[in-house]
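Report on the structure given below.
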Amino acid sequence: MGRFRDNIEAPFPRAKADTFFAGQLAEKRFQLGPNPSGVGQKRGISHGNLRVGFVDDDQADENFTAYVTLPDDGAVVGPIDLPFELTCELPILVKVRPDSAPAADRHVIATVSIPPLKHRWSATRRVVLPPPGPPVVAVTIPQWVHSLTCCEVDAVVTLFDATGAPLCSLIGPFKDWPRPRLATIMATSFDTPVPVLLSYES
């Protein structure tokens, strides 16, 4: 028990910040939590509350995209929009980059707390489904997505498996529709673009 407590409470990076300079497209990496070496062998995996956003709540005009690599070094949550908050295993690696060159310097901070805190928001990604062509244009559903929200009133979004077989449909503005695990693509027959909110946790 003493060794386990030492592993959990040992000092490790709980916050890291970096600057995205105006006019530059660059990726920043934030490694948070215990030293990754030995995790799962000499050291247990703990859980924490990860938050990534802008210093002083200075929301950027440009969209910033993040990818979170979990301790198994294979599961990646992303792309997700900043700011975000989620509960995950530690240690984690967060990669952040702007979708377009920022007009001004943007300061991004990543923090982790143990034990996990109550969520104030979850990890989300907003995508826009184009109206049908022909042909119908399908958009890929990332593997990390747990639920979907159709944000257009009366619009219908259909979810398909990898073979193109329809699984189910959701009608806007229905919120937090659970994503069938076989669902890999989505499309709409609505005559205007349909925004859909993808969520890691509903």
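Values in this text are rule-based calculations from the coordinates and carry no lab data. It should be emphasised that the depicted structure is a prediction, and the values quoted were computed from it without experimental measurement. Note that we place each Cβ from the backbone using ideal geometry, even for glycine, and neighbour counts take in every protein chain shown.
Once a ≥ b ≥ c are taken as the square roots of the eigenvalues of the Cα gyration tensor of segment 124-199, is the result rounded (a/c under 1.5), prolate (a/b larger than b/c) or oblate (a/b not larger than b/c)? It is oblate, given that a/c is not under 1.5 and a/b is not larger than b/c. Using a/c under 1.5 as the rounded threshold, could you call segment 47-148 rounded, prolate or oblate? The axes a ≥ b ≥ c are square roots of the C-alpha gyration tensor eigenvalues, and prolate needs a/b larger than b/c, oblate otherwise. Judged from the Cα gyration tensor, segment 47-148 comes out oblate (a/c at least 1.5, b/c at or above a/b).
Applying the Karplus relation 6.51 cos²θ - 1.76 cosθ + 1.60 with θ = phi - 60° to segment 144-151 yields 3J(HN,Hα) values of 6, 5, 9, 8, 10, 10, 7, 9 Hz, where x marks Gly and Pro. Of all the Cα-Cα pairs you can form in the chain, what percent are over 21 Å apart? Of the Cα pairs, 58 percent sit more than 21 Å apart. Of the residues His146, Ile114, Phe30, the one whose Cα sits farthest towards the positive end of the charge dipole of the chain is Ile114 (charges of +1 on Lys and Arg Cβ, -1 on Asp and Glu Cβ, taken about the Cα centre). Projecting the Cα atoms of Cys88, Pro71, Ala60 onto the dipole axis of segment 55-94, where Lys and Arg carry +1 and Asp and Glu carry -1 at the beta carbon, places Pro71 farthest toward the positive end.
Using unit Cβ charges (K, R positive; D, E negative) and no other charged atoms, how large, in debye to the nearest 20, is the dipole of the chain about its Cα centre?
Value, rounded to 20: 780 debye.
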